[in-house]
1. Starting from residues that are assigned to a loop (DSSP other than H, G, I, E, B) and of a type outside the set (V, I, T), keep the ones in the stretch 15-33 and report whichever is farthest from the chain's Cα centre (by Cα).
2. Considering every residue within the stretch 70-79, establish whether at least one is buried (at least 17 other Cβ atoms within 10 Å of the Cβ), modelled with pLDDT of 95 or more and among the polar types (S, T, N, Q).
3. When both residues are 6+ apart or on different chains and their Cβ atoms are under 9 Å apart, which pairs have a first residue that lies in the stretch 64-83 and is closer than 21 Å to S120 by Cβ, and a second that is β-branched (V, I, T) and part of a loop (DSSP other than H, G, I, E, B)?
4. Is it the case that S2 is within 18 Å of F92 (Cβ to Cβ) and over 16 Å from the mean Cα position of the chain (by Cα)?
5. Being buried (at least 18 other Cβ atoms within 10 Å of the Cβ), aromatic (F, W, Y) and touching a helix residue (DSSP H, G or I) at 6+ places or on another chain (Cβ under 6 Å) narrows it down to one residue among F92, F11; which is it?
6. Might you check whether a residue that is farther than 18 Å from G103 by Cβ, charged (D, E, K, R) and surrounded by fewer than 13 Cβ atoms within 10 Å (Cβ to Cβ) occurs anywhere in the stretch 25-39?
7. Based on what the data block shows, is A57 more than 18 Å from Y32 (Cβ to Cβ), of a type in the set (A, V, I, L, M, F, W, C) and surrounded by 14 or more Cβ atoms within 10 Å (Cβ to Cβ)?
8. Within the stretch 34-60, take every residue that is of a type in the set (D, E) and more than 18 Å from the chain's Cα centre (by Cα) and give me the one that is nearest to L77 (Cα to Cα).
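The values are calculated or read from the model by the stated rules, or taken from the named source; none is laboratory data. None of these values were measured; they are calculated from a predicted model. Cβ atoms come from the backbone with ideal geometry, glycine included; neighbour counts cover every protein chain shown.
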Amino acid sequence: MSFAVGVVASFTARHHLVGDFGPASQPHEHAYRVEVSATGSRLREDGTLLDITRLQAALSAALSHLEGRDLNAIAGLADPNPSAEVVARYLFDCIALELESDGLDQLQTRVWESAEAFASYTGDL
C-alpha cells in the first residue's frame, strides 16, 4: 500500500520523428500536458507524503528547459527520437534528481501529446 501526490503542468514545443512515422516525420507542435506523481509508503510527521510545492517546483524547472523549444535540438531527447516516451523519461530523470532525498518510493511522469494519447515512465527513487 502507498500514498501518492501529483501535479499537472503544460508546455508547448516542436518536434519531428525520424523514420517512417508518416505525418509525425514532419516538424509539428504539441501543447503537451504533463502529470507527475510521487508515491511512498510512509507519511512524514506532519501528515504529508511530500511538500507538494517541491514537486511543483521540480516539474516547473524541468519544463522551463523545454518550453517553446524544438525537442530535436535538445541533448537527451533527440537520440533516437523525441517521442512522448523519451520526453517522459527525460522529465523523470530531471525531477528524480530534485526529489531523491525525500524518502519516496516511486515517481511517475505522464506526457500527453493530445487529449487522446500519452506515454509514461515509472521508476524507483
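1. D20
2. First pass over the stretch 70-79, keeping only residues buried (at least 17 other Cβ atoms within 10 Å of the Cβ): 71-72, 77.
So of that shortlist, the ones also modelled with pLDDT of 95 or more come out as 71-72, 77.
Keeping just the survivors that are among the polar types (S, T, N, Q) gives 72.
Scanning the stretch 70-79 turns up at least one residue that is buried (at least 17 other Cβ atoms within 10 Å of the Cβ), modelled with pLDDT of 95 or more and among the polar types (S, T, N, Q).
3. Close Cβ pairs (under 9 Å, with a partner that is β-branched (V, I, T) and part of a loop (DSSP other than H, G, I, E, B)) amount to H65/I74; L66/I74; A78/V18; P80/V18; N81/V18; P82/I74.
4. Spelling it out, S2 is indeed within 18 Å of F92 (Cβ to Cβ) and over 16 Å from the mean Cα position of the chain (by Cα).
5. F11
6. yes
7. So A57 passes the test.
8. The extreme case among them is D51.
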